[in-house]
1. Here is the link list: A:K123/A:K208; A:K122/A:K208; A:K280/A:K399; A:K122/A:K218; A:K218/B:K105; A:K49/A:K218. Which ones come out longer than 26 Å on Cα distance?
2. What are the GluC sites (Glu not before Pro) within the range A:30-119 that DSSP puts in a loop, where the Cβ has at most 12 other Cβ atoms within 10 Å?
3. For the range A:63-80, in order, what is each residue's ³J(HN,Hα) by Karplus, 6.51 cos²θ - 1.76 cosθ + 1.60 with θ = phi - 60°, in whole Hz (x at glycine and Pro)?
4. Provide the net charge surrounding A:S107, with neighbours chosen by a C-beta distance below 9 Å and charges set as Lys +1, Arg +1, Asp -1, Glu -1.
5. Show that you can apply the helix-only estimate: for the protein assembly as shown, add -39,500 (n - 2.57) for every DSSP H stretch of four or more residues, divide by all residues, and state [θ] at 222 nm to the nearest 500.
6. For the pair A:Q157/A:M13, report the inter-label distance in nm, with labels modelled 7 Å from Cα in the Cβ direction.
7. What is chain A's relative contact order, in percent, from Cα pairs under 8 angstrom and six or more apart in sequence?
8. List the cysteines of the protein assembly as shown that have no other Cys Cβ closer than 4.7 Å: which are they?
Amino acid sequence: MSNVDLARLQFAMTSIYHFLFVPLTIGLAFLTAILQTRWHRSGDPNLRKLTRFFGNLLLINIAIGVVTGLVQEFQFGMNWSEYSRFVGDVFGAPLAMEGLAAFFLESTFLGLWLFGWDRLPKKLHLACIWLVSIGSALSALFIIAANSWMQNPVGYQINDQNGRAQLDDVVAIFTNPVFINAYLHVLFASAVTGAVMMLGVAGYQIRKGNKQFLTAAKTSLVVLFPSIILAMGVGSELGVIEATYQPMKIAAAEAQWETCQPCSFSLFQIGGGNDDQDPKQIIEVPYLLSILATNSPDGQVVGLNELQAQYEQEYGPGYYVPNVFVQYWSMRLMAYTASAVALLGALGLFLWWRKKLEGARWFWGLAIIGIFTPYVMNTAGWMLTENGRQPWIVQGLMKTESAASPSVTALEIWISIIVFALVYIILGVIWASLMFRAARKPLPEDEPTAPDDKSRDDVPALTY
Amino acid sequence: MDLANVWYLIIAIFWIGFFVLEGFDLGVGVLHRFVGNDDVERRVAINTIGPFWDANEVWLIVGGAAIFAAFPAWYATMFSSLYLALVLVLVALIVRGVAFEFRGKRDSQRWRSGWSWALTISSALVPLLLGVGVGDLLVGLPIDADQNFTGTFWNLLTPYGLLTGVTLLVLCLADGAAFLALKTTDDIRERSRALAVRFGIIGLILAVLWVLYTVLGPGGPKPLALVFMVVAALGIAAGVLYQTKGRDTAAFTGTALGIGGAVAALFASLFPNVMVSSTSAANNLTVANASSGSYALTIMTVVAVIMFPIVLAYQIWNYYVFRARLQAPKELVADVPGLKRDVPDAGKDETSDRQHQ
């Protein structure tokens, strides 16, 4: 493996891992804030217990999300110094804004929320969890703005003297059509991830007879169903936009080698990949690919072979087709798991409407299994969008092969890959065991009440 | 004033802020084992920084991201040359971050003791390694004309970098002990004060050595840097003096001034370079040749001018809200059963832990 391949392997590994925790943090922070708001309005002690219960899950998760995010930020300079040198002027700005506008907000108010129970005035304490939620959603905003620039670079010019990309229109960065749709897509997918987790955990508790969790389950269902529908709708729109700016990405997702009009969508295929241009397509849905790629049943999708010829003319000799096998299957994995989640949400709402939700043990069983599906969905979605940009690191401007750090040796990258892999595996095991433990605990009988002695109100609790 | 210079100043402020703020919570992270004799006392020590450490660490993230945005070439060369050192820093930061959150999540003596050690070691590694890194910026690393590092891991271990790292570590320990003295009562406070004096004296000796090395060596006698060095030395000395008099706030302020002054002196010595090349002075990365374009810097300045006061305001408010001293409770709070004021022996605790499952 070349140094670039190793650096890619490490980046893929650490980013996928990081993004296991991010959407749950964003989603669960939002849902916890809703539970606390409901407690604030109704004064029902059960809602307070539920807020603390799911807040605890959020904390276990947030810890790993934060620390694995550090790796992401350092990694650009460590492994991709040529990339950083080339794009820092444009790409660095959203990262710095993220720190200033989002991370400070999230971390400060998380501390205030966590240590402020019974010490801050109730309204202020409620505001803290909402600010945590806003902070986590804002951090995704800046990251997606930076990532969308890699998919569809806008608002820059190339400096004649040093050949680097330089920002010349910051508004363009945040009105990039890829950014707007990708950000909404990520937000809705995060709400889905949090809601499915809440539904599944509540399901486990309800099956054990802890009926107090029913209200949390209902809250999660209210969030889940519209979120998954919106995530799919925005995602479909994102596909149409990407078909304009990154036609290779969409053509590869259907393994569409020849130009077609209208184009059908295959549910499965046997074979396929970059060396097999004629795989066996199973169950073809007519017009569906045209609709997905162009919003029109009769739209044209330019095939990979034609695109390859176009790119060679535009960018010189080279192979410009991304890994078709990964594109084809990550697209389907994402779409199918999303559909399964949508069905789960619809089923829950239906049972609730028919007043059969509480006793439907089989549904709660499904909800528990369902916890895993958003992780597959999110990961597949990122594979689709990042793999589909290859061989570019910045679409049309810089290839991945020329972006790595020249001074870092293969041995050094191997060391860091192994170190991060080991640390991440250990973290993952601890995360899972703590999450299981926390999710299976029953709600406490009596909440510890606020201390009577008001003079000690400002003393931080022994939370850790 | 050129915007690139402004951003050098802003970045210096972030790094100074990071070492001043994270400095004391790194120190507490190391020392919590030694000022606390049982689990409750250790928890008290850790909880003095509970509401703050996460936000303090963000100063490093923003300091790094600001280098990326304002000086892409500096970010690219620095982070790729310090590769293995930064891998270690990241592992330490990861372990530290989860140690806070995870330590209290299980009622097992072995679990807590394990995370305690993890917290101590990782908290010590961070200032040591980062100190070596920032020291190397000034003393110089082999960098070629393409701004690429040409050395190996061993080139990073310069005597000057190592002295900078050790000095910063000891100053963090002194600062952490001073913070603990300020935020605790009774036995923990007494032990912390004793440690603050001890580390303050060692820190002062190291800082003076570091100042001499800097001025006679890589930094040279730069007026502004000399001012910060004097501030640092006086701050640490005042910290020790006030500590012996039991004046916690003044002592902590002095020690914090010591760290801040030292880091400020380093950045003042480095300017107008951002990274010195030991290969040839012509290859030095400078504020002028490593910076972003003026448009990007203008946008960033606007964002910083708006956001920074807001961030400062709510961080200060956070410190104000949790300003009181922590006390070891006579009875443990209800949410942690199983851990009594007197620590049960390991075997007994294992049993109770199994019962919980």
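Nothing in this text is a laboratory measurement; each read-out follows from the coordinates by a stated rule. These numbers come from a predicted model, not from an experiment. With ideal geometry, Cβ positions are generated from the backbone for all residues, glycine too; neighbour counts draw on all protein chains shown.
1. Working: A:K123/A:K208 34 Å; A:K122/A:K208 32 Å; A:K280/A:K399 32 Å; A:K122/A:K218 24 Å; A:K218/B:K105 28 Å; A:K49/A:K218 16 Å.
Result: A:K123/A:K208; A:K122/A:K208; A:K280/A:K399; A:K218/B:K105 exceed 26 Å.
2. Numbers: sites: A:E73, A:E82, A:E98, A:E106; in loops: none.
Passing both the DSSP loop test and the Cβ count: no residue.
3. 4, 6, x, 5, 6, 6, x, 4, 4, 4, 5, 6, 5, 4, x, 5, 9, 10
4. Taking every Cβ under 9 Å from that of A:S107, the sum is -3.
5. Details: 28 runs with 583 residues, N = 821.
That calculation yields -24500 deg cm²/dmol at 222 nm.
6. Result for the modelled spin labels: 4.3 nm.
7. Working: 684 pairs, mean separation 97.7, N = 464.
Answer for chain A is 21 percent.
8. Within the protein assembly as shown, the cysteines lacking a partner Cβ under 4.7 Å are A:C128, B:C172.
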